[in-house]
Every structure is written in structure tokens, then in C-alpha cells.
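Before any comments, here is the structure.
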Amino acid sequence: MKSRVRIVSLGLVGFGSLLAVALASLPTISRQTVLAQEVTSSCPLPVAIAVTFLDSKCKKVKLLMPQTFFRYYSSETNKKGRYLTTDQYQTNVEVIKNLALNQTWGNKAEKMLAVTLPAGTTVYQGVVAPQNPSSCYPGGGQQTFIEDSKDPNLLWAEGPTLTVQPFTCP
């Protein structure tokens, strides 16, 4: 019985050595991938949200006093969302381009809300990242993200009427 155990253990040791050699010959992950992930960590939000900010960079800010932001929307389903801006636009086309609202998402930005956030609210602020195709959705506007758009302390009010123009993307 002892000799069988030794043979099995020698077999496993030999297999382990072969496995180590095989693993050593596999390509390694480049440091560039790791560095790219480190860049996204400059925004303390989940990656799916952080990538909506230019270079995945945003700043966590606690409001010291109430502040009014704007929300652009086109239907009741996207009326009170978590993405806001300090930028006030005159036309829906400006909104679509500067806030990079890819039209496949359904927000035609035909209406505007003003929302006042109370002092003490935590927001995440940065610049809007472009969306594909960037010639149509270049971004560059100011973006503010809030974690809870259903907070009863938020004061939502209809904003001024936007000039609605046809938007085309070549």
C-alpha cells in the first residue's frame, strides 16, 4: 500500500511540475490594462456610471448650501433621473450634443426641469464623456450624478421651454 501512495504522490508532483511549466509559457497581462483600471478609480462610482464622465474622472462633493441643477428629458419615463447638469441650454440639439445623449437611448431632450438639491446632498461632478459616434455626441458639458433621484427632499420644477429642432446624425 505504501508503494502505491508513493507512486501516486510522485505522479502528482510530476503533473504539478508540468502544469507550472505550461502556465509559465502563457502570455502575461500587460501593465497597461491595470493602469487603465486605475484611471477609472478616480471616480468613486461603479464603472458603468464612471465611464459617463470624461476619462472616468469625477469628484465627490457634499453641497454646503441648496443648489439648483437642470434635467433634460422627453417623456415621463426619463423625467426624474440621476444625471443632472449645471448647464442651461436653449435647444434640444445643444443638449443632445453636449450631454452626449445617444438617441438610441430614447431621450430626445425636448423638456427641462430645474431640481434644487438640499444642503448636505452628496453629488458626483465632472465633464460628460463622448458617446459613439463622437461626431454626433461629443459631450463636454457639465455632468452631476445623484444617487437617489426619488429623494423626497429634492424640489423638482418645470423649467423654461426649449426650442426643439430636428437632430440628425450622419
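Could you list, in sequence order, the residues of region 134-149 that are within 18 Å of Glu94 (Cβ to Cβ), part of a loop (DSSP other than H, G, I, E, B) and open to solvent by 20 Å² or more (accessible area, probe 1.4 Å)?
Scanning region 134-149 gives Ser134, Ser135, Pro138, Gly140.
Taking region 150-168 as the search range and keeping residues that are open to solvent by less than 60 Å² (accessible area, probe 1.4 Å) and in contact with a strand residue (DSSP E or B) (Cβ under 8 Å, 6 or more places away or on another chain), which one is modelled with the lowest pLDDT?
Applying the filter and picking the extreme gives Gly159.
Are any residues in region 131-152 of a type outside the set (Ser, Thr, Tyr) and in contact with a helix residue (DSSP H, G or I) (Cβ under 8 Å, 6 or more places away or on another chain), and if so, which ones?
Scanning region 131-152 gives Cys136, Pro138, Gly139, Gly140, Gly141, Phe145.
Of (1) open to solvent by 40 Å² or more (accessible area, probe 1.4 Å); (2) over 18 Å from the mean Cα position of the chain (by Cα); (3) under 25 Å from Pro138 (Cβ atoms); (4) touching a residue at least 40 places away in the same chain (Cβ under 8 Å), Arg82 satisfies all except one. Which?
Only one criterion is unmet by Arg82, namely (2).
Among the residues of region 70-116, count how many are under 16 Å from Ala129 (Cα atoms), among the hydrophobic types (A, V, I, L, M, F, W, C) and not in a strand (DSSP E or B).
Final tally of qualifying residues: 6.
The values are calculated or read from the model by the stated rules, or taken from the named source; none is laboratory data. Please read these numbers as outputs of a predicted model, since none were measured by experiment. Because the Cβ atoms are built from the backbone with ideal geometry, glycine has one as well, and the counts that use them run over all protein chains shown. Note: accessible area is taken over every heavy atom of the protein model, side chains too, but ligands, DNA and RNA are not part of it. Shrake-Rupley method; radii C 1.70, N 1.55, O 1.52, S 1.80 Å.
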